[in-house]
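**Student:** Below you'll find the structure I mean.
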Amino acid sequence: MSISGKYLTAKIGTTVITDNYAWDAAEGGQMLGRTTGAFLGKRAEDFGVDELTIIIKGYMDVAAGAYTPVRRGTTITNLRLYRDESDSVPAYDVPVAKVANSRQGAEVEGKVEWQAEIHAYGGWTYNDPGA
């Protein structure tokens, strides 16, 4: 058994997002109020619109200029998130996504890092590693 994420990767199409070191995909969505008197004062909700929010983090090689632009406003096609770079199918396959927020930061005794918050634009596919 291995619980390490040391082989994770993220790709746009077949191109690896340079020096990405973390990704997080949060499936969520809208909850619609459905409470009526029949629920005897208890809240009831139904699922509304689904959403997928992805955070990708990476390093920027300032010497080589190696950096995959993931700036706010960028539309990404075929974003694929892998638990292990050798997986035959991605954990998440997102045909179209939009970068909602991006940030960069640096430290004197640290690294130059970037982070992007990306929202799926339409549908996406999730693949269970145990399937």
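The values are calculated or read from the model by the stated rules, or taken from the named source; none is laboratory data. Predicted model, so just to flag it, every value in this text is computed and none were measured. Here Cβ is always computed from backbone atoms with ideal geometry, including for glycine, and neighbour counts include all displayed protein chains.
**Student:** Could you tell me which residue of the stretch 3-21 is farthest from the chain's Cα centre (by Cα), considering only residues that are assigned to a strand (DSSP E or B) and among the polar types (S, T, N, Q)?
**Tutor:** The selected residue is T15.
**Student:** Mind telling me which of the residues G29, G58 ends up being of a type outside the set (A, V, I, L, M, F, W, C), touching a strand residue (DSSP E or B) at 6+ places or on another chain (Cβ under 9 Å) and more than 17 Å from T125 (Cα to Cα)?
**Tutor:** Among G29, G58, only G58 is of a type outside the set (A, V, I, L, M, F, W, C), touching a strand residue (DSSP E or B) at 6+ places or on another chain (Cβ under 9 Å) and more than 17 Å from T125 (Cα to Cα).
**Student:** Given the criteria at pLDDT below 95 and crowded, with 16+ Cβ neighbours inside 10 Å, does W114 qualify?
**Tutor:** Yes: the conditions hold for W114.
**Student:** Also: Looking at the stretch 79-110 only, could you name the residues that are of a type in the set (D, E, K, R), surrounded by 14 or more Cβ atoms within 10 Å (Cβ to Cβ) and under 17 Å from G58 (Cα atoms)?
**Tutor:** Correct list: R80, R83, D84.
**Student:** Moving on to the next point. In a loop (DSSP other than H, G, I, E, B) and over 24 Å from G123 (Cβ atoms): which single residue out of V70, V108, V89 fits that description?
**Tutor:** V108
**Student:** So which residues in the stretch 70-103 are touching a residue at least 24 places away in the same chain (Cβ under 8 Å) and either farther than 20 Å from T14 by Cα or in contact with a Cys (Cβ under 9 Å, 6 or more places away or on another chain) (or both)?
**Tutor:** R72, G73, A100, N101, S102, listed by residue number.
**Student:** Restricting the first residue to the stretch 104-123 and requiring it to be among the basic types (K, R), which pairs with a second residue that is part of a strand (DSSP E or B) and surrounded by 12 or more Cβ atoms within 10 Å (Cβ to Cβ) meet a Cβ separation below 7 Å and a spacing of at least six or different chains?
**Tutor:** That search, which allows pairs on different chains as well, returns K111/Y59.
**Student:** Could I ask something else about it? Looking at the stretch 14-24, which of the residues that are surrounded by fewer than 15 Cβ atoms within 10 Å (Cβ to Cβ) and modelled with pLDDT of 90 or more is nearest to K111 (Cα to Cα)?
**Tutor:** Here the answer is A22.
**Student:** While we're on this one: Out of the residues in the stretch 85-131 that are of a type in the set (S, T, Y) and within 13 Å of the chain's Cα centre (by Cα), which is nearest to I55 (Cα to Cα)?
**Tutor:** S102
**Student:** Within the stretch 32-65, count every residue that is hydrophobic (A, V, I, L, M, F, W, C), part of a strand (DSSP E or B) and within 18 Å of A116 (Cα to Cα).
**Tutor:** Looking only at the stretch 32-65, we keep the residues that are hydrophobic (A, V, I, L, M, F, W, C), and these are 32, 38-40, 44, 47, 49, 52, 54-56, 60, 62-64.
In the following step, the residues that additionally are part of a strand (DSSP E or B) were identified as 32, 47, 49, 52, 54-56.
Next, only the ones that are within 18 Å of A116 (Cα to Cα) stay: 52, 54-56.
Result for the stretch 32-65: 4.
**Student:** Would you confirm whether or not the stretch 79-86 contains a residue that is out of contact with any Phe, Trp or Tyr (no Cβ under 9 Å at 6 or more places or on another chain), within 23 Å of K6 (Cα to Cα) and assigned to a strand (DSSP E or B)? Reasoning before the result, please.
**Tutor:** Taking the stretch 79-86 and keeping what is out of contact with any Phe, Trp or Tyr (no Cβ under 9 Å at 6 or more places or on another chain), we get none.
No: zero hits.
**Student:** Also, I was wondering about something else. Condition (residue is at pLDDT 90 or above, surrounded by 15 or more Cβ atoms within 10 Å (Cβ to Cβ) and either in contact with a Gly (Cβ under 9 Å, 6 or more places away or on another chain) or among the aliphatic types (A, V, I, L, M) (or both)) applied to the stretch 38-49: is it met by at least one residue? Walk me through it before giving the result.
**Tutor:** Applying the first criterion (at pLDDT 90 or above) to the stretch 38-49 yields 38-49.
Filter once more, so that each one left must be surrounded by 15 or more Cβ atoms within 10 Å (Cβ to Cβ): none.
Checked against the condition, which is being at pLDDT 90 or above, surrounded by 15 or more Cβ atoms within 10 Å (Cβ to Cβ) and either in contact with a Gly (Cβ under 9 Å, 6 or more places away or on another chain) or among the aliphatic types (A, V, I, L, M) (or both), the stretch 38-49 yields no hits at all.
**Student:** Which of (1) farther than 19 Å from D19 by Cα; (2) buried (at least 17 other Cβ atoms within 10 Å of the Cβ) is the odd one out, the single condition G73 does not satisfy?
**Tutor:** (2)
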